[in-house]
Amino acid sequence: MTNLTKAQTDDLLATLQARFERYPNRHEGITWSQVRARLDASPQPLRSLYEMERTGGEPDVIGQDPQSGQFIFCDCSAESPSGRRSLCYDRKGLESRKENRPAGCATEMAAQLGIALLTESEYRALQTIGTFDIKTSSWIETPAKIRALGGALFCDCRYDSVFLYHNGAQSYYAARGFRGSVRV
């Protein structure tokens, strides 16, 4: 990944700060000055945050790791990020499609963006600070045992409840993308 320009960095930081201040319930007990100090000291994750923003993720701080002290940014767009939809789960799933292949797969795109797919527990935790994916769904990190059998997992929120589902890893839908996180 290439480095961000000063203008891109300034715009991104302004966007992140505005979102941080607009949704204080997502990060109680954390101040923007704490987050900004961490970003200034370790600017490498800015590129991933920029890519999260560019693909429609609307990243925001949703917590702090109690062991490492890192701040956790997560995609907080109301629906699965629009620039990360219509993807198979992973490369193996993509290659197994004989026709109508989508442009790519969630696991590779996440790696290119420098973010991690959410786990089921992270997805459920995200839903405790807001309501996400009421019209869309998001691929989540799939355990190796399920993946070895050809499956992949995704979640959504319907009827005020989080649902976990399965599909073949080769499937893709216009309303299914993926959410990710990055630690700073």
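The values are calculated or read from the model by the stated rules, or taken from the named source; none is laboratory data. Model, not experiment: these values are computed from the prediction. Here the Cβ is made from the backbone with ideal geometry for all residues, glycine too, and neighbour counts use every protein chain on show. In case anyone asks, the SASA skips ligands and DNA or RNA and just uses the protein heavy atoms, side chains included. Shrake-Rupley method; radii C 1.70, N 1.55, O 1.52, S 1.80 Å.
Of note:
- Over segment 48-94, relative contact order from alpha-carbon pairs under 8 Å, at least 6 apart, %: 33 percent
- Environment charge of MET52, counting only residues whose C-beta is closer than 12 Å and scoring Lys/Arg +1, Asp/Glu -1: 0
- Under 21 Å of direct C-alpha separation, and excluding same-chain neighbours fewer than eight residues apart, LYS92 reaches these lysines: LYS145.
- Entry note: segment 136-175 has Rg to Rh equal to 0.99, where both radii use alpha-carbon atoms and Rh is the Kirkwood radius.
- About its Cα centre, the dipole of the chain is roughly 480 debye, where the only charges are +1 on Lys and Arg Cβ and -1 on Asp and Glu Cβ.
- Among the listed values (i) 71, 37, 26; (ii) 50, 42, 38; (iii) 49, 38, 29, the one matching Cα extents along the principal axes in Å as calculated from this structure is (iii).
- Stretching PHE163 away from LYS98 to a fully extended chain increases their span by 20.4 nm, per 0.36 nm per residue minus the current alpha-carbon distance.
- By a 1.4 Å probe calculation restricted to protein chains, ILE62 has an accessible surface near 50 Å², given to the nearest 10.
- Cβ crowding within 10 Å averaged over residues, with 68-74, 9-15, 48-54 ranked highest first: 48-54, 68-74, 9-15
- Accessible surface of segment 58-115, 1.4 Å probe, proportion on carbon and sulfur as whole %: 44 percent
- Projecting the Cα atoms of ILE72, CYS155, ALA125 onto the dipole axis of the chain, where Lys and Arg carry +1 and Asp and Glu carry -1 at the beta carbon, places CYS155 farthest toward the positive end.
- Kyte-Doolittle at least -1.0, axis length at least 27 Å by Cα - qualifying DSSP helices, the chain: none
- Other residues lying with their Cβ under 11 Å from the Cβ of ILE134 contribute a combined charge of -2, Lys and Arg counting +1, Asp and Glu -1.
- Computed across segment 110-184, the Kirkwood radius stands at 12.8 Å (inverse of mean 1/r, all Cα pairs).
- Farthest towards the positive end of the charge dipole of segment 1-126, among the residues GLY93, SER48, THR31, is the Cα of GLY93, using unit charges on the Cβ of Lys, Arg, Asp and Glu.
- The packing ranking, built from the mean of other Cβ atoms within 10 Å per residue, places the peptides 116-125, 155-164, 21-30 in the order 116-125, 155-164, 21-30, highest first.
- Over segment 80-144, all Cα pairs binned in 5 Å intervals from 0 give whole-percent P(r) values of 4, 16, 24, 25, 19, 8, 3, 1, 0, listed from short to long.
- Sequence-separation-based contact order of the chain, relative, with Cα cut under 8 Å and 6+ spacing, percent: 25 percent
- A Cβ-based charge dipole, computed about the Cα centre of segment 105-177 with Lys and Arg at +1 and Asp and Glu at -1, lands at about 160 debye.
- In the full protein context, the chain carries 51 Å² of accessible surface per residue, based on a 1.4 Å probe and ignoring ligands, DNA and RNA.
- Segment 106-184 and segment 1-75 have Cα centres spaced 21 Å apart.
- The value of relative contact order for segment 75-171, using C-alpha pairs under 8 Å at least six residues apart, is 32 percent.
- Over the chain, dividing the summed -39,500 (n - 2.57) contributions of all DSSP H runs of at least 4 residues by the number of residues returns a 222 nm mean residue ellipticity of -9500 deg cm²/dmol.
- In the distance distribution for segment 25-119, Cα-Cα pairs more than 21 Å apart total 40 percent.
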